[in-house]
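Asker: Have a look at the structure that comes next, please.
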Amino acid sequence: MDVVCLENNRSLNLRVLQDVPTRIHDSLGNPFWSGVDIAKKTIRMEHEPYVQKSHKLEHFLFVVIIAGMVLSGYALWQHTRPGPVFCDLSERISCKKVNQGPWSEIGGVPVALIGFVGYTLLLGLLVFKPRAWHLLLAVGAAIGLGFTVWLVYLEIAIIQAICLLCVGSAMVITSVFFSSLWLVRHTHTHKLL
């Protein structure tokens, strides 16, 4: 019977054990567990906390991306309708000044619509999970984060007003970006086992 120690180098031990049969029979022909079966059970047990964290993080991402869609959808609605906005608190904190000003559109397309479409695409990746979805989610979130940094620069330096809806959306895309990086890092680490 093979004895397996997985504490030092799990991937090396698994490569060595791949050629060992999974069951060994005693002299009476009864099967008992071999080292490979023990190794598989140990890996599964070590893998379970990652799976639990991964599922929790996916649920968190789902909720956060939906929140981003709600924020962007509301900003889009505010962009198209005239009138007072609940987050117009002062001259410096004004969603209306940011969301209905000259920088609120790119080529005639409202920035809030771009955000809504971006969050919808991220949600699609999370729900349908195509091949390499972790990596695609991280790349999409990185693009969104870069776009958000540019918009925050515009708010502070050029428009000289802060939109609370935009700040909320910036917090959402930042959370999605760092969460997706965690998923990418840990998914590739656990696929090596």
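The values are calculated or read from the model by the stated rules, or taken from the named source; none is laboratory data. Not measured: the values here are computed from a predicted model. Every residue, glycine among them, receives a Cβ derived from its backbone with ideal geometry; neighbour counts consider all protein chains shown.
Asker: Anything in region 144-174 that is farther than 20 Å from LYS96 by Cβ and crowded, with 20+ Cβ neighbours inside 10 Å? List them, or say none.
Answerer: Passing the criteria: GLY144, VAL172, ILE173.
Asker: Does region 83-97 contain at least one residue that is out of contact with any Cys (no Cβ under 9 Å at 6 or more places or on another chain) and modelled with pLDDT under 90?
Answerer: Yes, because at least one residue in region 83-97 is out of contact with any Cys (no Cβ under 9 Å at 6 or more places or on another chain) and modelled with pLDDT under 90.
Asker: Hey, another quick one. Among the numbered criteria (1) touching a Phe, Trp or Tyr at 6+ places or on another chain (Cβ under 7 Å); (2) surrounded by fewer than 20 Cβ atoms within 10 Å (Cβ to Cβ), which single criterion is violated by ALA141?
Answerer: Only one criterion in (1) touching a Phe, Trp or Tyr at 6+ places or on another chain (Cβ under 7 Å); (2) surrounded by fewer than 20 Cβ atoms within 10 Å (Cβ to Cβ) is unmet by ALA141, namely (2).
Asker: Oh, and also: What is the one condition in (1) touching an Asp or Glu at 6+ places or on another chain (Cβ under 9 Å); (2) at pLDDT 95 or above that ILE114 does not satisfy?
Answerer: The number of the failed condition is (1).
Asker: Enumerate the pairs (first residue in region 49-61 and closer than 16 Å to LEU137 by Cβ; second residue anywhere and polar (S, T, N, Q) and modelled with pLDDT of 95 or more) with beta-carbon separation below 7 Å, excluding pairs fewer than 6 apart on the same chain, so at least 6 apart or on different chains.
Answerer: LEU57/SER179; PHE60/SER179; LEU61/SER179
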